[in-house]
1. Looking at (1) surrounded by fewer than 15 Cβ atoms within 10 Å (Cβ to Cβ); (2) within 30 Å of ILE102 (Cβ to Cβ), which is the only condition GLY18 fails?
2. Across region 1-11, which residue is nearest to ASP89 (Cα to Cα) among those that are buried (at least 16 other Cβ atoms within 10 Å of the Cβ) and hydrophobic (A, V, I, L, M, F, W, C)?
3. Given the criteria within 11 Å of the chain's Cα centre (by Cα), surrounded by 17 or more Cβ atoms within 10 Å (Cβ to Cβ) and either within 23 Å of THR3 (Cα to Cα) or not basic (Lys, Arg) (or both), does VAL62 qualify?
4. If you check PRO50 against the conditions, is it within 18 Å of THR13 (Cα to Cα), touching a residue at least 60 places away in the same chain (Cβ under 8 Å) and not polar (S, T, N, Q)?
5. Can you say whether ILE47 is within 17 Å of the chain's Cα centre (by Cα) and among the aliphatic types (A, V, I, L, M), as far as the supplied structure shows?
6. Could you list all residues from region 53-92 that are among the hydroxyl-bearing types (Ser, Thr, Tyr) and touching a residue at least 24 places away in the same chain (Cβ under 8 Å)?
7. Tell me, please, whether a residue that is touching a residue at least 60 places away in the same chain (Cβ under 8 Å) and surrounded by 11 or more Cβ atoms within 10 Å (Cβ to Cβ) can be found in region 39-46.
8. Does at least one position in region 29-39 carry a residue that is at pLDDT 90 or above, of a type outside the set (Val, Ile, Thr) and in contact with a Lys or Arg (Cβ under 8 Å, 6 or more places away or on another chain)?
Amino acid sequence: MDTLTLNGGEVLTYKGSGGNVTAAYVEYKIDGGAFINYSLAFNQDNISNPGDQRWYSDGEGVNLLNGLSLGTHTLSVYFYDDNYPNTHDYVSNGAFNYSATITVVPEPTTSLLVASGLGMFALIRRRR
């Protein structure tokens, strides 16, 4: 079985002017399903400038192909943070989310087994 793994994400935030970022998240969904989120871990302060923060995780290991039927599917992703005093800031491609198209095709061995099984059936029918 093939896999397409979503391991994590990274968000750079800025805390300043009395605000404080307290968490960051990745949200993703496939097709019209519900969004699933996971937290990004706080990693580092003052990345490029005082107040910049890095939130990063790479250990999720979500197989995006798990349970998908054959055909074309759409993966949608956006990021957000929790902060004081604004509650949330979003990184979402202008509210359209970032997206990718995934096409699931039959595994070559499955197609080969079906084709060889049909060939054997035709051979047996021809001999009778």
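1. (2)
2. Of everything passing the filter in region 1-11, VAL11 is nearest to ASP89 (Cα to Cα).
3. no
4. No, not satisfied.
5. no
6. TYR56, SER57, SER69, THR72, THR74, SER76, TYR78, TYR80, TYR84
7. Checked region 39-46: no residue is touching a residue at least 60 places away in the same chain (Cβ under 8 Å) and surrounded by 11 or more Cβ atoms within 10 Å (Cβ to Cβ).
8. yes
The values are calculated or read from the model by the stated rules, or taken from the named source; none is laboratory data. Keep in mind that what you see is a predicted model, and the values were worked out from it rather than measured. Glycine gets a Cβ as well: all are built from the backbone with ideal geometry, and neighbour counts include every protein chain shown.
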